[in-house]
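Asker: Okay, here's the structure, questions in a sec.
The values are calculated or read from the model by the stated rules, or taken from the named source; none is laboratory data. Given the structure is predicted, the values throughout are model-derived calculations rather than measurements. Methodologically, a virtual Cβ is constructed for each residue, glycine included, from the backbone with ideal geometry; neighbour enumeration extends over all protein chains shown. In case anyone asks, the SASA skips ligands and DNA or RNA and just uses the protein heavy atoms, side chains included. Shrake-Rupley method; radii C 1.70, N 1.55, O 1.52, S 1.80 Å.
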Amino acid sequence: MAIVEIKKISILALQEDKDKIMRLLQEMGCTELIDIKEKIPEKEWEEVFEGEAKVKERDTLERDLDELSFALNFLSTYDKTKKPMFADKPVFKEEEIASLAKDETVWEVVNKCRMLDGALNEIRSEEMKLHNTISALEPWENLQIPIEDIGASKKVVLLTGVLPSKGFEELIDGMKMAVPACSVEVVSKDRETVNVLIVYHKDVESSVMEILKNNGWSKIDLPKLVGTPKEAIQNAEQKLVQLDQRRKEVEETATSLIEYKEKLELVFDYYTVLKARKDAYMAAGKTKQSFYMEAWIPEPNLDKCLKVLNDKVEGISITVADPEDEEDVPVVLKNPRLVEPYEMITELYSLPDPRKDIDPNIFMAPFFFIFFGMMVSDAGYGILLALASFLAIKKIKPKGMAKKLLELLLLGGISTLIWGAIFGGWFGGLIPLPPIWINPIEDPMSLLVFSFILGLIQIYTGLILKAYINIKDGDLLSALFDQGFWLVLLTGCIMFALPGTAQAAKIVAIVGAVGLILTQGRTQKNPIQKLLSGVMSLYDITGYLSDVLSYSRVLALGLATGVIGTVINTMAELVGVNIIGYIAMVLILVIGHVFNIAINALGAYVHSSRLQYVEFFSKFYEGGGRAFNPFRINTRYINLENGEEI
Amino acid sequence: MEISLGQFFAVFGAAIAVLMPGIGSAIGVGLAGESASGVVTEDPNKFGQTLLLQALPGTQGIYGLLTGFVIMQRIGLIGGQLLEISTYQGLLLFSAALPIAFVGLLSAIAQGKTAAAGIGIVAKRPEELAKGITFAAMVETYAVLALLASILMIFGIQI
């Protein structure tokens, strides 16, 4: 239970067996290799580690993988075949793929993909250019002069440009008066500007320019093309059609390559496995004849792993050791099946540090279960939530985090069903069933107190766990002083609230408080500081108070679900007056309640997690552990049939 | 029917209970949405994670609606006849709406900023999503407390 014990194995074997051993380890997938480079001084590296050749081999693999993944990405955009969403992966043997991987067609396909991609990019940039040309020319479509004629000739200048439409008429009139050897032709207009062609004799250039510049003129250079703007636009459009044709051809070629996709996937996975193995090589040290490596292994897998290695490899020497204190040991958690989904909550916070922490999951899970149910608190929602997650688990067969999340929701749904029945909430009162225990809307105060009691139980659990950790570490005094006295003081405070124990409460509280005052300053040297720190520590009582009050969210979120449910039902009832109304009513009910489930399940998850992280974990849990990352076969598209995975 | 001052105050209370947290949530969700769009531009696969964070500042609006609705129900505005309400009762209901109105408005904006920052976490380290959510949930605590106070007050007022 809890944190699995991790052992360290050191393997010393012949260089010629290295491949075999690496492959066995990868197939078993139960070890995490330790990079021993860090332990060896830099000068000795070169002698001990794989030379250039091996590094190059690995880099080549990495490059090939990049190419393959590019080609797969490229092809998948053209792959229109619908795949069943959760098909089983095909199974291959490693030797089979090894011969397939030598097939040259794979690399031909990859190269073709690169070429096609290049062609598509070219087409795209050309299209962009043509579109720009067209949009630049569009305002000048009515211009009857070929573009190449615009500009200065020996005596006459033709200019295209823009003038503001405000005051345009006056400007033209003024110009005609001032400079007769000049003509202005309006090509097109929009709301604020006028596009004009101006023709003038070179002799009057300076006076024309002066007038124009004073009136907001800006010159426009048309794209350097041949023919009138209209012709140029038509030209460009024709080119666009041609480009589109070319694109279709390229895409057809790409589609014809899809038949090779499976082959590519196969090689991709095979190379991934090979690269992982090469990476593993880098972690091991070698001499001429032998090599040495270290790895972490969870204790339950140890015997089987040793047996496989000893049986299959002759002359291998394996030593098993406990990890040393300062070593960075990875964490593997093992919990009962029902608690497993809750590991996710802890994983998202931080894994336990095997040197300092205990696995909090088994203590946290019951609280999370209860709080989630109380926050959603509607039996009907619970049934739907549990059913939906159950179906999702059956249909999708998720793995890892997704699996844990769905199982968490399934358990949450069950808890919701239980609490909903207790509170008498069935789809916000749509089905009027009496509460088994209490109706939160009629008697919120009792439920508030109940939430606080649950909070107190969790805070006590946290303190007791910290005391347990201290005792386990041999720090009896800390357990007694830091946790014991707080437990006494808190108990005293609670007793004040109970009828008939006020007298005893005073004594218990005082014992706790005095204990804290006397002990909390024990790290200080100066006696005055000792006392001061002791007294100051009592201030932490406000922390405990706010922790307990924080549990009021359990009631608040529970109330929110119930009331929103009622709102939905009332709205539905209001519209249900005729046939159309009935349809609207059903719609409101379905959409409303689904929305309510979604928003409240999210809220319940977030706030239940928060209660664990902030109120519970803060009492005893540090975290900072590192997840176990086994050296194993990790494929995306196929399953590699192999020896035995442990 | 004669409308009394009490009825006016009660409806006014319901109105601000919906109005202010609603504004806050709209701003908060908007802030988070802007950051989320930025992240999704870079990596469209993060849509789900960022959406989760964006949804968090939206709850204040729901709490506000809830409070407003409870007031409306208590004064018989929904599904019945508007009840006779004295000026003092009306003022009491109005006061009861204040916690969620103000805390909802401001906490939704603050939570929106925190969620936007949390989306920044997701951009760089998607595996740390839960921490971003927790930071945002810390802000929401006060909206939940305000909701609780408002609801308890509304239920406690004799009509």
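Asker: Specify which of the listed residues (A:Leu555, A:Leu538, A:Leu574, A:Leu516) is within 13 Å of another protein chain (Cβ to nearest Cβ) and under 30 Å from A:Phe496 (Cβ atoms).
Answerer: Within the list A:Leu555, A:Leu538, A:Leu574, A:Leu516, the selection yields A:Leu555.
Asker: Do we find that A:Ala572 is under 44 Å from the mean Cα position of the chain (by Cα) and crowded, with 20+ Cβ neighbours inside 10 Å in this structure? Even if it seems obvious, please write down each step before you answer.
Answerer: Values: under 44 Å from the mean Cα position of the chain (by Cα): yes; crowded, with 20+ Cβ neighbours inside 10 Å: yes.
Judged against the criteria, A:Ala572 is a match.
Asker: Can you find a residue in the range B:121-138 that is more than 13 Å from every other protein chain (Cβ to nearest Cβ), more than 30 Å from B:Ile85 (Cβ to Cβ) and not acidic (Asp, Glu)?
Answerer: Step one: of the range B:121-138, the residues more than 13 Å from every other protein chain (Cβ to nearest Cβ) are B:123-124.
Cutting the leftovers down to more than 30 Å from B:Ile85 (Cβ to Cβ) gives us B:123-124.
Now restrict to residues that are not acidic (Asp, Glu): B:123-124.
Yes: the range B:121-138 contains one or more residues that are more than 13 Å from every other protein chain (Cβ to nearest Cβ), more than 30 Å from B:Ile85 (Cβ to Cβ) and not acidic (Asp, Glu).
Asker: From the list A:Leu137, A:Leu120, A:Leu130, which one is under 36 Å from the mean Cα position of the chain (by Cα) and either hydroxyl-bearing (Ser, Thr, Tyr) or open to solvent by less than 60 Å² (accessible area, probe 1.4 Å) (or both)? Working first, answer last.
Answerer: Numbers: A:Leu137 fails: under 36 Å from the mean Cα position of the chain (by Cα); A:Leu130 fails: under 36 Å from the mean Cα position of the chain (by Cα).
Sole residue among the options that is under 36 Å from the mean Cα position of the chain (by Cα) and either hydroxyl-bearing (Ser, Thr, Tyr) or open to solvent by less than 60 Å² (accessible area, probe 1.4 Å) (or both): A:Leu120.
Asker: Looking at B:Ser86, is it surrounded by fewer than 21 Cβ atoms within 10 Å (Cβ to Cβ), more than 14 Å from every other protein chain (Cβ to nearest Cβ) and under 30 Å from A:Gly400 (Cβ atoms)? Reasoning before the result, please.
Answerer: Working: surrounded by fewer than 21 Cβ atoms within 10 Å (Cβ to Cβ): yes; more than 14 Å from every other protein chain (Cβ to nearest Cβ): yes; under 30 Å from A:Gly400 (Cβ atoms): no.
It is false that B:Ser86 is surrounded by fewer than 21 Cβ atoms within 10 Å (Cβ to Cβ), more than 14 Å from every other protein chain (Cβ to nearest Cβ) and under 30 Å from A:Gly400 (Cβ atoms).
Asker: For the range B:130-154, name all the residues that are touching a Phe, Trp or Tyr at 6+ places or on another chain (Cβ under 7 Å) and either open to solvent by less than 10 Å² (accessible area, probe 1.4 Å) or on the phi > 0 side of the Ramachandran plot (or both). It would help to see each step written out before you state the result.
Answerer: Here is the first cut: in the range B:130-154, the residues touching a Phe, Trp or Tyr at 6+ places or on another chain (Cβ under 7 Å) are B:130, B:134, B:143, B:147.
Residues satisfying the conditions are B:Ala130, B:Ala143, B:Leu147.
Asker: Look at A:Ile528 and say whether it is within 40 Å of the chain's Cα centre (by Cα) and either loosely packed, with under 13 Cβ neighbours inside 10 Å or within 14 Å of another protein chain (Cβ to nearest Cβ) (or both). Spell out how you get there, then give the answer.
Answerer: Numbers: within 40 Å of the chain's Cα centre (by Cα): no; either loosely packed, with under 13 Cβ neighbours inside 10 Å or within 14 Å of another protein chain (Cβ to nearest Cβ) (or both): yes.
Judged against the criteria, A:Ile528 is not a match.
Asker: Between a first residue in the range A:510-536 that is within 22 Å of A:Asp475 (Cβ to Cβ) and a second residue that is of a type in the set (D, E, K, R) and modelled with pLDDT of 90 or more, which pairs have beta carbons less than 6 Å apart while being 6 or more apart in sequence or on different chains?
Answerer: none
Asker: Continuing with the same structure: Could you look through the range A:585-598, keep only residues that are out of contact with any Ser or Thr (no Cβ under 7 Å at 6 or more places or on another chain) and facing chain B (nearest Cβ under 10 Å), and pick out the one that is farthest from A:Gly455 (Cα to Cα)? Step through it out loud before you land on a result.
Answerer: The initial filter retains those residues of the range A:585-598 that are out of contact with any Ser or Thr (no Cβ under 7 Å at 6 or more places or on another chain), namely A:585-595, A:597-598.
Now drop any that are not facing chain B (nearest Cβ under 10 Å), which leaves A:595, A:598.
Working: A:Phe595: 29, A:Ala598: 25 Å.
So the residue we want is A:Phe595.
Asker: Take the range A:140-171 and flag every residue that is buried (at least 17 other Cβ atoms within 10 Å of the Cβ) and part of a helix (DSSP H, G or I).
Answerer: A:Trp140, A:Ile147, A:Phe168, A:Leu171
Asker: Conditions first: (1) surrounded by fewer than 22 Cβ atoms within 10 Å (Cβ to Cβ); (2) within 14 Å of chain B (Cβ to nearest Cβ). A:Tyr582 passes all but one, so which condition is the exception?
Answerer: (2)
Asker: Of (1) open to solvent by 20 Å² or more (accessible area, probe 1.4 Å); (2) part of a helix (DSSP H, G or I); (3) free of Cβ contacts under 8 Å to residues at least 12 places away in the same chain; (4) more than 25 Å from A:Leu602 (Cα to Cα), A:Ile464 satisfies all except one. Which?
Answerer: Status for A:Ile464: all satisfied but (3).
Asker: May I pose another question? Pick out the one residue from A:Ile588, A:Ile597 that is in contact with a Leu (Cβ under 7 Å, 6 or more places away or on another chain), under 29 Å from B:Thr59 (Cα atoms) and crowded, with 17+ Cβ neighbours inside 10 Å. Give the derivation first.
Answerer: Details: A:Ile588 fails: in contact with a Leu (Cβ under 7 Å, 6 or more places away or on another chain).
The conditions single out A:Ile597.
Asker: Across the range A:467-480, what is the total count of residues that are open to solvent by less than 40 Å² (accessible area, probe 1.4 Å) and touching a residue at least 40 places away in the same chain (Cβ under 8 Å)?
Answerer: If we filter the range A:467-480 for residues that are open to solvent by less than 40 Å² (accessible area, probe 1.4 Å), which is where we start, we get A:467, A:469-470, A:478-479.
Pick out the ones that are also touching a residue at least 40 places away in the same chain (Cβ under 8 Å) and you get A:469.
Of the residues in that region, 1 qualify.
Asker: Out of all the residues in the range A:210-259, which are modelled with pLDDT under 85, surrounded by 15 or more Cβ atoms within 10 Å (Cβ to Cβ) and in a helix (DSSP H, G or I)?
Answerer: A:Ile211, A:Leu212
Asker: Part of a helix (DSSP H, G or I) and either in contact with a Cys (Cβ under 6 Å, 6 or more places away or on another chain) or more than 14 Å from chain A (Cβ to nearest Cβ) (or both): does that describe B:Val70?
Answerer: Values: part of a helix (DSSP H, G or I): yes; either in contact with a Cys (Cβ under 6 Å, 6 or more places away or on another chain) or more than 14 Å from chain A (Cβ to nearest Cβ) (or both): no.
Taking the combined requirement at face value, the residue does not satisfy it.
Asker: Moving on. Please go through (1) open to solvent by 50 Å² or more (accessible area, probe 1.4 Å); (2) within 12 Å of chain A (Cβ to nearest Cβ); (3) not polar (S, T, N, Q) for B:Val11 and return the number of the only condition it doesn't satisfy.
Answerer: (2)
Asker: Ok, one more. Can you name every residue in the range A:348-380 that is open to solvent by less than 30 Å² (accessible area, probe 1.4 Å) and within 25 Å of the chain's Cα centre (by Cα)?
Answerer: First pass over the range A:348-380, keeping only residues open to solvent by less than 30 Å² (accessible area, probe 1.4 Å): A:348, A:350-353, A:357-361, A:364-365, A:367-368, A:371-380.
A:Leu348, A:Ser350, A:Leu351, A:Pro352, A:Asp353, A:Asp359, A:Pro360, A:Asn361, A:Met364, A:Ala365, A:Phe368, A:Phe372 - these are the residues of the range A:348-380 that are open to solvent by less than 30 Å² (accessible area, probe 1.4 Å) and within 25 Å of the chain's Cα centre (by Cα).
Asker: Turning to a different aspect of this structure: Quick one: which residue in B:Ile100, B:Ile121 is crowded, with 16+ Cβ neighbours inside 10 Å, of a type outside the set (D, E, K, R) and out of contact with any Lys or Arg (no Cβ under 8 Å at 6 or more places or on another chain)? Walk me through it before giving the result.
Answerer: Working: B:Ile121 fails: out of contact with any Lys or Arg (no Cβ under 8 Å at 6 or more places or on another chain).
When all the criteria are applied, what remains is B:Ile100.
Asker: Listed residues B:Gln81, B:Gln60, B:Gln54, B:Gln49; which is more than 14 Å from chain A (Cβ to nearest Cβ) and either in contact (Cβ under 8 Å) with a residue 12 or more places away in the chain or not in a helix (DSSP H, G or I) (or both)? Give the derivation first.
Answerer: Details: B:Gln60 fails: more than 14 Å from chain A (Cβ to nearest Cβ); B:Gln54 fails: more than 14 Å from chain A (Cβ to nearest Cβ); B:Gln49 fails: more than 14 Å from chain A (Cβ to nearest Cβ).
From the options B:Gln81, B:Gln60, B:Gln54, B:Gln49, the qualifying one is B:Gln81.
Asker: Taking the criterion of being more than 10 Å from chain B (Cβ to nearest Cβ) and open to solvent by 70 Å² or more (accessible area, probe 1.4 Å), would at least one residue in the range A:611-620 satisfy it?
Answerer: Yes, there is a match, as at least one residue in the range A:611-620 is more than 10 Å from chain B (Cβ to nearest Cβ) and open to solvent by 70 Å² or more (accessible area, probe 1.4 Å).
Asker: Is there a residue in the range A:184-199 that is in a loop (DSSP other than H, G, I, E, B) and open to solvent by 100 Å² or more (accessible area, probe 1.4 Å)?
Answerer: Taking the range A:184-199 first, the residues in a loop (DSSP other than H, G, I, E, B) are A:190-192.
Filter again for open to solvent by 100 Å² or more (accessible area, probe 1.4 Å), leaving A:191-192.
Among the residues of the range A:184-199, at least one is in a loop (DSSP other than H, G, I, E, B) and open to solvent by 100 Å² or more (accessible area, probe 1.4 Å), which makes the answer yes.
Asker: Could you grab me the full set of residues in the range A:172-183 that are more than 25 Å from A:Pro223 (Cβ to Cβ) and open to solvent by 40 Å² or more (accessible area, probe 1.4 Å)? Walk me through how you get there before you give the answer.
Answerer: If we filter the range A:172-183 for residues that are more than 25 Å from A:Pro223 (Cβ to Cβ), which is where we start, we get A:172-182.
Of everything in the range A:172-183, those that are more than 25 Å from A:Pro223 (Cβ to Cβ) and open to solvent by 40 Å² or more (accessible area, probe 1.4 Å) turn out to be A:Asp173, A:Lys176, A:Met177, A:Ala178, A:Pro180, A:Ala181.
Asker: With under 60 Å from the mean Cα position of the chain (by Cα) and more than 27 Å from A:Glu141 (Cβ to Cβ) as the only criterion, which of A:Asn195, A:Asn214 stands out?
Answerer: Details: A:Asn195 fails: more than 27 Å from A:Glu141 (Cβ to Cβ).
Criteria check complete, one pass: A:Asn214.
Asker: Let me spell it out: the conditions are (1) crowded, with 17+ Cβ neighbours inside 10 Å; (2) within 28 Å of the chain's Cα centre (by Cα), and A:Leu456 meets all of them except one. Which number is the exception?
Answerer: Of everything listed in (1) crowded, with 17+ Cβ neighbours inside 10 Å; (2) within 28 Å of the chain's Cα centre (by Cα), A:Leu456 misses just condition (2).
Asker: Can you tell me which residues in the range A:391-401 are assigned to a helix (DSSP H, G or I) and either on the phi > 0 side of the Ramachandran plot or open to solvent by 100 Å² or more (accessible area, probe 1.4 Å) (or both)? First the steps, then the outcome.
Answerer: Let us first name the residues in the range A:391-401 that are assigned to a helix (DSSP H, G or I), namely A:391-396, A:400-401.
Scanning the range A:391-401 gives A:Leu391, A:Lys394, A:Lys395, A:Gly400.
Asker: Being of a type in the set (Val, Ile, Thr), in contact (Cβ under 8 Å) with a residue 12 or more places away in the chain, surrounded by fewer than 19 Cβ atoms within 10 Å (Cβ to Cβ) and part of a helix (DSSP H, G or I) narrows it down to one residue among A:Ile383, A:Ile345; which is it?
Answerer: A:Ile383
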